[in-house]
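The values are calculated or read from the model by the stated rules, or taken from the named source; none is laboratory data. In this text the structure is predicted, and so the values were computed from the model without any measurement. Glycine gets a Cβ as well: all are built from the backbone with ideal geometry, and neighbour counts include every protein chain shown. The accessibility values were calculated without ligands, DNA or RNA, using every heavy atom of the protein model including side chains. Shrake-Rupley method; radii C 1.70, N 1.55, O 1.52, S 1.80 Å.
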Amino acid sequence: MTHAWARSFHGALLGASFVAGSLVVGGAQAGDYLEREDVQAFVDQAVGETGVSRAQVAAWLGSAEYQQTIIDAITRPAESKTWGEYRPIFLTDKRIERGADFMQEHRELLDEVASTYGVSPYVITAIIGVETYYGRITGGYRVIDALATLSFDYPRRGEFFRGQLVDFIRLAGEEGISMDKAEGSYAGAMGLPQFIPSSYRHYAVDGDGDGSRDLWDSHHDVFASVANYFVEHGWGQGEPVMFEVDINDADVDDLLNRARDLAPKTTLAELRKRGVSVPDDAPVPDDFEVMLFTLTDGDEVAYQVGLNNFYVITRYNHSVLYATAVWQLAQAIEEAVDHRQE
């Protein structure tokens with residue numbers, strides 16, 4: 001498994017780190033993490049869970065460096081924006097046109113994967129378009145640095161990222177990924193589809209049959225892995241995704257999905273009962289469980305109904321803004337491709 005890695009150093013940005021909520025001047029340079037008791041305890045845990053030797057795990061963590069820019073980035077995610085602020089990031093003419101270019105370049109392979117998994121090739125393309133601008137921006141942090149920083153210096157979600165770090169250690173042996181050179185996002189997401197280690201281990205697919213799951217350099221593996229992720233989370237082939245409704249003056253606050261609370265909690269029948277104008281030709285039965293959420297653009301608030309496939313997209317990133325951007329980008333790319341074929 002070969003990758004065109006480009007190591008990025010951020011030494012000038014190390015500044016300060018936070019350990020258990022308190023400020024530590026200087027940050028962790030290579031080797032510093034192993035001097036900490038919590039990291040030593042983690043090494044013991046990782047050895048027990050993965051079977052990798054203690055010397056190897058210690059060597060990997062000994063090379064990790066704290067990155068203040070990672071802490072800065074995770075505390076201001078794009079998903080905290082309104083739809084009016086979020087949409088222009090991902091739904092630009094250039095991103096749509098490049099998506100159409102990407103579709104044309106990989107059309108045969110995308111159609112093959114779509115036929116195998118039942119996931120739209122436009123949705124697969126849109127995921128890669130939103131995540132990495134079709135592979136152009138896959139992240140400039142060493143994954144070991146990102147996961148160590150978030151595991152040991154970001155208490156709010158430290159437990160989650162320590163789990164990811166354990167899975168990354170497993171991946172090093174299972175996939176031949178270089179722990180020293182592998183790069184990804186500030187949250188440790190890797191490759192064109194930006195899979196975090198647990199997703200890489202559980203959902204990545206060896207699409208080209210070469211014996212490895214390469215999410216950086218094998219488009220077949222990438223497309224099949226995105227499609228498999230959707231199928232494993234319940235994607236319905238050809239099913240609708242979302243539509244807008246007029247709530248009139250209905251009181252629906254208790255039915256709204258907000259923030260990361262994304263499980264469907266109402267039905268079209270309940271919405272009609274509350275006084276919401278639901279289209280007569282709605283694409284699902286009245287007793288079908290749906291999401292109800294808002295998209296805000298300035299003073300305008302649009303109420304949207306998210307169906308099963310919309311919920312599945314939110315499994316990739318737990319945000320209605322993200323899922324809406326992916327779906328609208330997929331539709332825009334399909335329209336651009338169709339326009340070129342006229």
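Quick one: angle between helix 37-50 and the longest Cα principal axis of the chain, in degrees between 0 and 90, rounded to 10, please.
Computed tilt is about 70 degrees.
Mind checking which of 305, 215, 122 is farthest towards the positive end of the chain's charge dipole, using Cβ charges of +1 (Lys, Arg) and -1 (Asp, Glu) about the Cα centre?
215
Dividing the alpha-carbon Rg of the chain by 2.2 N^0.38 Å yields what?
This ratio for the chain stands at 1.07.
Any chance you could check the Cα centroid distance between segment 176-205 and segment 286-312 for me, in angstrom?
31
Charges only on Cβ, +1 for Lys and Arg, -1 for Asp and Glu: so what's the dipole of segment 146-295 about the Cα centre, in debye to the nearest 20? Let's see the in-between values first.
Values: 13 positive and 28 negative charges, 130 e Å.
It comes to approximately 620 debye.
Is the shape of segment 247-295 rounded, prolate or oblate, going by the alpha carbon gyration tensor and its root eigenvalues a ≥ b ≥ c, with a/c under 1.5 for rounded and a/b larger than b/c for prolate? Spell out each step's value before the answer.
Numbers: a/c = 1.90, a/b = 1.27, b/c = 1.50.
Since a/c reaches 1.5 but b/c is at least a/b, the shape of segment 247-295 is classed as oblate.
For segment 89-126 and segment 134-157, what is the separation of their C-alpha centers, rounded to whole Å?
27
By per-residue mean of other Cβ atoms within 10 Å, what is the highest-first order of 275-282, 147-154? Before the final figure, lay out the partial values.
Numbers: 275-282: 13.0, 147-154: 25.1.
Result, highest mean Cβ count within 10 Å first: 147-154, 275-282.
Any idea what angle helix 320-341 forms with the longest principal axis of the chain, computed on alpha-carbon atoms, 0 to 90 degrees, nearest 10?
Between helix and principal axis, roughly 70 degrees.
Could you please state how large a percent of the accessible area of the chain is carbon and sulfur, counting protein chains only and using a 1.4 Å probe? It would help to have the intermediate numbers written out before the result.
On the way: 7150 of 15360 Å².
It is 47 percent, rounded to a whole number.
If the reach is capped at under 26 angstrom between alpha carbons, list the lysines near residue 94, excluding any in the same chain fewer than eight residues apart.
Hits, sequence-local ones excluded: 81.
Can you give me the long-range amide H partners of residue 242? Hydrogens built in the peptide plane at 1.01 Å from N, cutoff under 5 Å, separation of 5 or more residues or another chain.
Those lying under 5 Å, H to H, from residue 242 are 307.
Report, largest value first, the span of the C-alpha coordinates of segment 253-342 along each principal axis, in whole Å.
45, 29, 29
So how strong a dipole does the chain carry about its Cα centre when Lys and Arg Cβ are +1 and Asp and Glu Cβ are -1, to the nearest 20 debye?
For this selection, approximately 1040 debye.
What ratio of Cα Rg to 2.2 N^0.38 Å holds for segment 38-103?
Segment 38-103 yields a ratio of 1.89.
Given a 1.4 Å probe, how much area per residue of the chain is accessible, in Å²? Could the numbers behind the result be given before it?
Numbers: 15360 Å² over 342 residues.
Accessible surface, normalised per residue, equals 45 Å².
How high is the relative contact order of the chain? Use alpha-carbon pairs under 8 Å, at least six apart in sequence, and give a whole percent.
19
For segment 80-127, what class follows from the C-alpha gyration tensor (a ≥ b ≥ c being the square roots of its eigenvalues): rounded when a/c is under 1.5, otherwise prolate if a/b is larger than b/c, else oblate?
oblate
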